[in-house]
């Protein structure tokens with residue numbers, strides 16, 4: 001299915017877009033930003049950034065680069081020409097340490113040692129934000145004109161809030177414990193939100209630390225469905241990071257040797273034990289939320305510890321492609337050079353590639369091999 005075609009060294013973080021791949025790494029106290037053509041992975045631009053540590057890309061025309069610490073931090077904006085080359089650069093913000101919210105660019109920002117929520121794309125003629133909300137928050141999700149965020153300003157009373165992204169007006173605010181999988185009339189001591197899975201129409205899907213997956217009405221904030229795992233190993237906690245919303249039809253997850261899915265039409269939860277197929281191949285899912293999707297396959301890292309005679313141990317680290325229709329492993333790659341735990345830091349995909357970043361700061365690029373007719 002896939003063949004390894006590229007290996008790029010000194011990559012700690014990376015992002016991809018339609019035509020580009022951008023990597024960041026640290027060289028002593030200096031951050032190095034490198035910009036590649038995605039098709040041939042030719043290095044097109046490189047810049048050393050003092051104390052730079054993070055970045056994000058908006059679209060094919062702009063590349064936003066966040067440089068922090070130290071405070072005051074800066075936010076630089078790179079403009080690209082039609083060929084994807086960096087044409088010019090300008091400073092967007094100073095005294096600003098953004099907290100990224102995916103590709104929607106609604107972010108939390110540290111300013112004067114306080115946390116604010118705002119939309120960086122909504123500014124007046126003077127460059128000031130149209131609205132800000134002073135809040136401590138950890139998770140963001142945007143659905144249409146709704147910005148939903150999970151805040152923990154009070155550890156004993158975390159809340160989920162829905163904000164009108166145009167005005168900053170709070171539409172509703174609910175206690176997170178309302179969304180737990182506890183039976184009606186009872187409460188759970190575990191009610192933190194782990195992950196926003198996504199939204200479909202007026203529904204929002206989240207995972208919680210009590211092991212439940214919950215459906216919420218975005219308009220009202222009311223809980224409409226809850227699914228709780230009955231698998232032998234209890235699908236919960238960090239394992240619920242290994243979940244995603246696939247093609248707006250179902251929720252899919254991989255845990256240990258289990259595959260589970262929720263059909264959003266029938267609302268049915270299905271859990272399948274794949275140990276018989278996994279064990280001979282030395283495959284077992286890790287629980288660190290590193291997961292991607294490509295061509296009807298779940299792409300995930302596998303880590304198995306083997307014990308040999310003489311108290312010798314070996315970590316078998318692989319990247320695996322599991323077909324979600326047949327539930328068979330159609331492809332895997334064994335990283336024999338990685339004999340350690342926590343071997344992978346990120347996995348991303350596009351229509352033709354799988355990108356794997358490892359703990360040794362190497363980016364491995366696998367290209368899809370098209371079958372000959």
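Bear in mind these aren't lab numbers, they're just calculated from the coordinates by the rules spelled out. Every value quoted in this text rests on a predicted model; they were computed, and no experiment measured them. All Cβ positions, glycine included, derive from the backbone under ideal geometry; neighbour counts span all protein chains shown.
So here's what we get for this one:
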read-out: Gained length - residue 325 relative to residue 26, 0.36 nm times residue gap less alpha-carbon distance; value: 103.5 nm
read-out: For peptides 330-337, 350-357, sequence by mean Cβ density within 10 Å, most packed first; value: 350-357, 330-337
read-out: Full-stretch length increase - residue 39, residue 342 - with 0.36 nm per residue and alpha-carbon distance subtracted; value: 106.2 nm
read-out: Three-way shape label, segment 251-373, alpha-carbon gyration tensor, a/c 1.5; value: oblate
read-out: Set of segment 316-335 residues, backbone N closer than 18 Å to the point 7 Å along the Cα-Cβ line of residue 3; value: 331-334
read-out: Spacing of the two label points (7 Å from each Cα toward its C-beta) at residue 275 and residue 225, in nm; value: 2.9 nm
read-out: Length added when fully stretched, residue 202-residue 173, from 0.36 nm per residue minus Cα-Cα; value: 8.8 nm
read-out: Segments 364-370, 292-298 sorted - mean Cβ within 10 Å per residue, highest first; value: 292-298, 364-370
read-out: Inter-part distance where segment 19-42 and segment 298-373 are each reduced to a Cα centre, Å; value: 22 Å
read-out: Residues residue 371 and residue 132, FRET efficiency given R0 of 45 Å [Cβ-Cβ distance, rounded to 0.05]; value: 0.30
